[in-house]
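Written out below as structure tokens is the structure these notes cover.
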Amino acid sequence: MVGEANAGLSALKSAFDIAKGLKDIDDAVRRNGAVIELQEKILAAREAQTVLLDRVDELEKEVASFERWEREKQRYELKDLGWGAFAYMLKPPERGTEPPHWLCTNCYEHNHKALIQRISKKGEGLVWTCPACKNTIMPNMGVIAWMDDVQGV
């Protein structure tokens, strides 16, 4: 009977050891699952950080562009050209080697520098136009004509 009790205890101890081993296996599976979940969260956080860093870089470039434009804008002043027309002209102290020129008011207000160019149109005399937005100034007519297209120049 003692032998059987010992054998029973031994079997029970073995079962306990197996159960304990199963518990450790279960803990390892849970730990591995938690590690995998944590790694996924770290990866997602890194991806989000990369997206945010890219956005910050874009915004910094945009701010630098606005700052450059603000400095450039300070070099010009709004001038009445007569005939009901206006343009931004390079201030004399800012000229340096640049020739005097006009900037389109429409483009200037949209943070774009576009030089008004003189063109000639049949029967219309002197005509200036913005190559970017097609704003046209016809001083001999006393008005600014907004034209969608300046073809036929």
Checklist line | Distant-in-sequence amide H partners of Y76 (H built 1.01 Å from N, under 5 Å) | finding: K91
Item checked: Cβ-Cβ FRET estimate between L59 and K134, R0 fixed at 22 Å, reported to 0.05 -> 0.10
Check: Among S65, S120, what's the order by accessible area (1.4 angstrom probe), most exposed first?
Finding: S120, S65
Next item on the list: Taking amide H positions as placed in the peptide plane 1.01 Å from N, state which residues far from L126 in sequence (5 or more) or on other chains have amide H under 5 Å from it.
Entry: N140
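Got a sec? What order do I42, I119, I137 fall in by accessible area at 1.4 Å, biggest, i.e. largest, first?
Reading off the accessible areas and sorting them downward yields I42, I119, I137.
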Checklist line | Nonlocal amide H pairs with A87, under 5 Å, H built at 1.01 Å | finding: K79, L81
Margin query: Which order do you get for T50, T129, T97, T105 if you rank them by accessible area with a 1.4 Å probe, largest at the top?
Written below: T97, T50, T105, T129
Margin query: Modelling each spin label as a point 7 Å along the Cα-to-Cβ direction, I'd like the E47/E98 distance in nm, to one decimal.
Written below: 4.7 nm
Margin query: As an exercise, take the mean of 1/r over every pair of distinct alpha carbons in region 46-112, invert it, and state the Kirkwood radius in angstroms.
Written below: 14.3 Å
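What's the extension gain from L38 to D26 if we count 0.36 nm per residue and subtract their Cα-Cα distance? Please list the in-between numbers first.
Details: separation 12, 0.36 × 12 = 4.32 nm, distance 1.81 nm.
Gain on stretching L38 to D26: 2.5 nm.
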Margin query: With a 1.4 Å probe and all protein chains kept in place, how much accessible area does V29 have, in Å² rounded to the nearest 10?
Written below: 90 Å²
Check: How large is ³J(HN,Hα) for each residue in region 57-68, as worked out from phi by the Karplus curve 6.51 cos²θ - 1.76 cosθ + 1.60 (θ = phi - 60°), to whole Hz, x for Gly and Pro?
Finding: 4, 4, 5, 5, 5, 5, 4, 4, 5, 4, 5, 4
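The values are calculated or read from the model by the stated rules, or taken from the named source; none is laboratory data. Computed from a prediction, not measured in an experiment: that's the story for all the values here. We place every Cβ from the backbone using ideal geometry, glycine too, and count neighbours over all the protein chains shown. Areas reflect the complete protein model, heavy atoms only, side chains present, ligands, DNA and RNA absent. Shrake-Rupley method; radii C 1.70, N 1.55, O 1.52, S 1.80 Å.
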